[in-house]
1. Scanning segment 241-258 for residues that are closer than 23 Å to T225 by Cα and β-branched (V, I, T), which turns out surrounded by the most Cβ atoms within 10 Å (Cβ to Cβ)?
2. Quick check on this structure: which one of L214, L190 is of a type in the set (A, V, I, L, M), in contact (Cβ under 8 Å) with a residue 40 or more places away in the chain and buried (at least 17 other Cβ atoms within 10 Å of the Cβ)?
3. Tell me, please, whether a residue that is in contact with a Lys or Arg (Cβ under 6 Å, 6 or more places away or on another chain), assigned to a loop (DSSP other than H, G, I, E, B) and buried (at least 19 other Cβ atoms within 10 Å of the Cβ) can be found in segment 158-168.
4. Of the conditions (1) surrounded by fewer than 22 Cβ atoms within 10 Å (Cβ to Cβ); (2) in contact (Cβ under 8 Å) with a residue 40 or more places away in the chain, L70 clears all except one; give me its number.
5. Only one of (1) modelled with pLDDT of 95 or more; (2) surrounded by 18 or more Cβ atoms within 10 Å (Cβ to Cβ); (3) not polar (S, T, N, Q) fails for L6. Which number is that?
6. Looking at L181, L155, which is the one that is of a type outside the set (D, E), crowded, with 22+ Cβ neighbours inside 10 Å and either at pLDDT 95 or above or part of a helix (DSSP H, G or I) (or both)?
7. For G37, work out the one condition from (1) at positive phi; (2) at pLDDT 95 or above it doesn't fulfil.
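The values are calculated or read from the model by the stated rules, or taken from the named source; none is laboratory data. These figures come from a predicted structure and were not determined experimentally. With ideal geometry, Cβ positions are generated from the backbone for all residues, glycine too; neighbour counts draw on all protein chains shown.
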Amino acid sequence: MNGISLARQFYLSQVQPGLASVPHAAALLGPGSEVLGYDDEVSPDHDFGPRVQVFYIDRDTVGEFFVQLLGFDPGAGVSVADWLLTPTQLLASLTRGAVFHDPADTLHRRRAALEWYPDDVWRYALAAGWLKVSQEEAFVGRTGSTGDTLGSRLLAARLAREMVRLSFLISRRWAPYAKWLGRAFRELPLAAQVGPQLTAALSAASWREREDALCTAGSVLAAATNELGLCPALDPSPRQFYNRDIRVLQAERYTIALAAEITDPSLRAVLEHFGVRHGTIPRLPGTIDQALDSTDLLGDPALFRAAAPMLGLTR
């Protein structure tokens, strides 16, 4: 029996009967592989078992629960700062899982508020994701051509991870934490086209093969970005990197195009705060988990919300 089924049975048979006259909501949300549906025979060796969260509506424990995990209550609205400062792994853990009882819609309302970014925040996150690709895409060939095979492989792995995360953004799905990132990626429709290319890039014997696979994967993601209609469509084909014998997507083109479509005042202020480089390319740190990669920081709202100034946000 998987964890969600176990929790539902536990609630219905053991918990709900004793709360028949008490206004409450009940769910399984937050941390835990079973919340994402990824528990297996190994999972019971820690923090696994019949469990359920019970929220007493008349005591506002629902809001307190979300504040404890996120640092804010989505029932009161989600600001641009809230979106940019909240790791996607936490958003995944609160919008997946299961709700067993919610007669007043106190849980459903908050989960719906966290379902996906507003369009301008989505543009901003996509722009930052493409910027991260652009900053290193030429280095796979540059290092490989000097005989630095390890360096080329390391860069390919970094780019593959960024493309996986871009796949989640394009697919409107919250990316989970590292342990389940690959498994959750396989569930995305884009994975059928992008996954084999990323696998080929990571296993390639030569930097040419590595570069070719990454360019192909990038082109698929670029075409999928065009289909979102969040910015004018661009040519998704790879091209030569200046006059060098290196092929890239020139991913910063998407950063420029997406950022140009953002009209939200808070995000415009962030863009203006950081400015541009090379005259046209926005310098944007992106969301908290695009800017930082610390397990301890991304799991503690007191820490990740303290990063607001680093992201160009004022509170």
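1. My answer is T255.
2. It is L214.
3. Scanning segment 158-168, I find no residue that is in contact with a Lys or Arg (Cβ under 6 Å, 6 or more places away or on another chain), assigned to a loop (DSSP other than H, G, I, E, B) and buried (at least 19 other Cβ atoms within 10 Å of the Cβ), so the answer is no.
4. Going through (1) surrounded by fewer than 22 Cβ atoms within 10 Å (Cβ to Cβ); (2) in contact (Cβ under 8 Å) with a residue 40 or more places away in the chain one by one, L70 breaks only (1).
5. (1)
6. Result of the check over L181, L155: L155.
7. Result: G37 passes all but (2).
Here is a yes/no grid of residues against (1) under 20 Å from W130 (Cα atoms); (2) more than 16 Å from the chain's Cα centre (by Cα); (3) at pLDDT below 95:
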| site | (1), (2), (3) |
| --- | --- |
| T263 | yes, yes, no |
| V270 | yes, yes, no |
| H273 | yes, yes, no |
| R277 | yes, yes, yes |
| I288 | yes, no, no |
| F304 | no, no, no |
